[in-house]
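What follows is a short report on a single structure.
The values are calculated or read from the model by the stated rules, or taken from the named source; none is laboratory data. Everything quoted here is computed from the prediction, not taken from an experiment. Here the Cβ positions follow ideal geometry from the backbone for every residue, glycine too, while neighbour counts run over all protein chains shown.
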Amino acid sequence: MSALTRDWRATGKGLLRAVLLTAASALALGALAFAGGYVWFALSLAREEPRLSVKAEGVVALTGGSDRVLDAAELLARGQARRMLITGVNRATRSSVLARRLPVSRETFNCCVDLGYEALDTVGNARETRQWAQVHNIAHSLIVVTSNYHMPRALVELSAALPELTLYPYPVISEHVNIDDWARDPVVIRLIGSEYVKFLGALLRVTLHQDEGGGESYRSSQAAAE
């Protein structure tokens, strides 16, 4: 074997080791960043429901738990919003059933509670909320009611769909999910981990669309998905 061949092989092995070391370092840093982001996300979630005193033009409840709808209806009943949307309602749910369960008068329900049946996910919730806001002249302020672990992603989607509105989050604390178990309970770890990944995906998608053409680009992409 010639000296040139030996030198070439030695150089090749050195380059391979350098590439593998760089890749391993990148993976380790990525894993560390993801783990750190998960911890930040878990610690940032609300532990108690806010004492919201603000009055807004509307309130929207993103379905996924009955507490969300009840809390939103209570805000409407207290006069903290003039109109309410329940987005993502199951098509099998009748308005008469909801009217009996919500803590508002039948008169208030008939005049001021709207049901959205089209949304199947958070992107759909944002699209449905935007359409509702346009129809009912909700142009300045909106209270957002959803679970505490879902709130970050909901705000990303709604802020992109309705950039002109001031959003007031009202995170609902579920009796079935103890957020403080984010590092101990496997069920809670999976739930928050899944929501964190979805939050990152929503944030990335919204950021890319805004870079391409602002909020209008994002809203156009939503419309294309209809």
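Step by step: first the residues of region 182-226, then only those that are aromatic (Phe, Trp, Tyr) and assigned to a helix (DSSP H, G or I), then the one that is modelled with the lowest pLDDT. Which residue is that?
Restricting attention to region 182-226, the residues satisfying the condition of being aromatic (Phe, Trp, Tyr) are 182, 196, 199, 218.
Applying the additional criterion that residues be assigned to a helix (DSSP H, G or I) yields 196, 199, 218.
Details: Tyr196: 95, Phe199: 96, Tyr218: 43.
Filtering first and then ranking leaves Tyr218.
Condition check ((1) closer than 30 Å to Ala183 by Cα; (2) among the polar types (S, T, N, Q); (3) out of contact with any Ser or Thr (no Cβ under 8 Å at 6 or more places or on another chain)) across all residues:
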| residue | (1), (2), (3) |
| --- | --- |
| Leu45 | yes, no, yes |
| Leu62 | yes, no, no |
| Arg68 | yes, no, no |
| Asp71 | yes, no, yes |
| Leu76 | no, no, no |
| Arg83 | no, no, yes |
| Val89 | no, no, no |
| Ala99 | no, no, yes |
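Which helices (runs of 4 or more DSSP H) does region 39-123 wholly contain that include 2 or more residues that are more than 24 Å from Ala160 (Cβ to Cβ) and within 20 Å of the chain's Cα centre (by Cα)?
The qualifying helices (runs of 4 or more DSSP H) are 66-77.
Among the residues of region 80-115, count how many are of a type in the set (S, T, N, Q) and closer than 25 Å to Ala139 by Cβ.
4
Do you know which residues across region 56-74 are of a type outside the set (Val, Ile, Thr), surrounded by 18 or more Cβ atoms within 10 Å (Cβ to Cβ) and within 18 Å of Arg106 (Cβ to Cβ)?
Across region 56-74, the qualifying residues are Ala72, Ala73.
Considering each residue of region 159-176, count those that are within 15 Å of Gly64 (Cβ to Cβ), among the hydrophobic types (A, V, I, L, M, F, W, C) and buried (at least 19 other Cβ atoms within 10 Å of the Cβ), and give that number.
Residues flagged as within 15 Å of Gly64 (Cβ to Cβ), among the hydrophobic types (A, V, I, L, M, F, W, C) and buried (at least 19 other Cβ atoms within 10 Å of the Cβ) within region 159-176 amount to 1.
Pick from Ile173, Ile179: which is modelled with pLDDT under 95, of a type in the set (Val, Ile, Thr) and within 19 Å of Leu75 (Cα to Cα)?
Ile173
Working only within region 156-172, note down all residues that are more than 21 Å from Asn137 (Cβ to Cβ) and part of a strand (DSSP E or B).
Result: Pro169, Tyr170, Pro171, Val172.
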